[in-house]
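Beneath this line is the structure, given in structure tokens, with notes to follow.
The values are calculated or read from the model by the stated rules, or taken from the named source; none is laboratory data. Small disclaimer: the values here were computed from a predicted structure and weren't measured. Virtual Cβ from ideal backbone geometry, glycine too; neighbours counted across all protein chains shown. When the accessible area is computed, the model is the full protein with side chains, heavy atoms only, and any ligands, DNA or RNA have been set aside. Shrake-Rupley method; radii C 1.70, N 1.55, O 1.52, S 1.80 Å.
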Amino acid sequence: MKDVYIYCNWKIYLDDEQSESLLRGILSSLQTLTLPDNTPNINLKLFPSTSSLRSLSKIISNCDLPNKKLKLSMGCQNIHYEKTGAFTGETSIMAIQGYCESILVGHSERRNIFAEKNADLNKKTALILENKLEPVICIGEPENLLKNDSEGYLREQILSSVADIDISHQVVFAYEPTGSIGTGVATSPLEVNLKSKLIKKILKQNIPHLDLSLIKILYGGSVNNENITDYLSASDIDGVLVGSSSVDLQKFQMILDKIITLSPT
Ligand code: PGA
């Protein structure tokens with residue numbers, strides 16, 4: 001039975017108080033969740049604003065979840081690729097290391113709005129793995145390439161992010177075609193499943209010694225309670241990266257209700 005990964009990108013939608021209140025709401029929903037015996041292990045990870053990481057991780061570490069199949073942890077939305085130095089306004093990995101297990105790398109909003117380049121993302125991935133954390137490398141083609149041959153574009157994004165890095169720890173790729181992010185127009189599960197297979201093929205062809213069991217592939221882009229199970233039931237998709245539907249407690253509870261009905265794959 002494969003584990004399921006539900007990663008929640010809260011972007012900068014919430015202030016510290018709202019983040020804490022959402023977390024407390026999620027925790028009380030999780031306390032009452034009854035997981036059937038055949039439910040897969042569920043890895044739920046929250047990526048709040050960096051300012052909230054410390055306080056939220058304290059709340060989580062003081063809370064016992066009722067079922068061993070359910071894991072709740074934290075992630076960070078971005079770090080600088082240097083561990084320390086004169087980089088005003090940036091977040092160092094040292095500042096967040098004790099409070100989270102994963103870090104997003106190259107979300108399309110970072111690439112498009114903040115002009116992050118593949119070479120910088122490679123340095124971030126290396127730093128994250130050196131520090132034994134999990135990189136969540138976001139990739140995805142722009143809308144005009146989606147229907148055409150996007151293989152070359154994805155190959156460049158994938159291989160540049162892991163070039164010259166020895167992968168000895170879990171690495172997550174979040175496949176997020178940009179036209180599906182925040183638009184309500186999700187990419188079909190069939191298409192995403194094909195892209196997941198393609199991502200694994202590209203990795204295996206180019207890094208033959210890579211242990212593919214260390215690689216997890218998530219889909220992100222307008223995931224909600226109505227479509228989530230279609231992605232999670234697909235053979236080659238390990239989980240989802242949910243944005244706006246994860247910052248509203250009611251919507252998120254509907255997502256949780258769907259997850260517990262998942263049958264093992
Ligand atoms: P969305 O965002 O779910 O709001 O489309 C997903 C993401 O940006 O990771």
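Here's how it looks for residue 105: its modeled amide H is under 5 Å from those of 136, 137, 138, which are all 5 or more places away or on a different chain. Applying a DSSP loop filter and a limit of 14 other Cβ atoms within 10 Å to the trypsin sites (Lys or Arg not before Pro) in the range 106-162 leaves 117, 132, 147.
Applying 0.36 nm per residue to the separation of residue 229 and residue 88 and subtracting their alpha-carbon distance, the gain on full extension is 46.6 nm.
When all protein chains stay in place and ligands, DNA and RNA are ignored, the 1.4 Å accessible-area order of 6, 207, largest first, is 207, 6. Separation of the alpha carbons by more than 31 angstrom is noted, of 45/123; 132/251; 124/258; 124/201; 69/117, for 132/251; 124/258; 69/117. Taking all Cα pairs closer than 8 Å and separated by 6 or more residues, the relative contact order of the range 104-221 comes to 28 percent.
Residues whose amide H comes within less than 5 Å of that of residue 242, counting only those at least five positions distant or on another chain, are 7, 8, 9 (H built at 1.01 Å from N in the peptide plane). Scan the chain and hand back the longest stretch that contains none of the chymotrypsin sites (Phe, Trp or Tyr not before Pro) lying in DSSP loops with at most 12 other Cβ atoms within 10 Å. With chymotrypsin sites (Phe, Trp or Tyr not before Pro) excluded where exposed in loops, the chain gives 115-265 as its longest stretch. Across the chain, Cα pairs under 8 Å and at least six residues apart give a relative contact order of 21 percent.
Loop-located GluC sites (Glu not before Pro) in the range 17-93 (DSSP state other than H, G, I, E, B) with a sparse environment of at most 15 neighbouring Cβ atoms within 10 Å: 82, 90. For the range 215-265, the relative contact order is 41 percent, taking Cα pairs closer than 8 Å that sit 6 or more residues apart in sequence and dividing their mean separation by the residue count.
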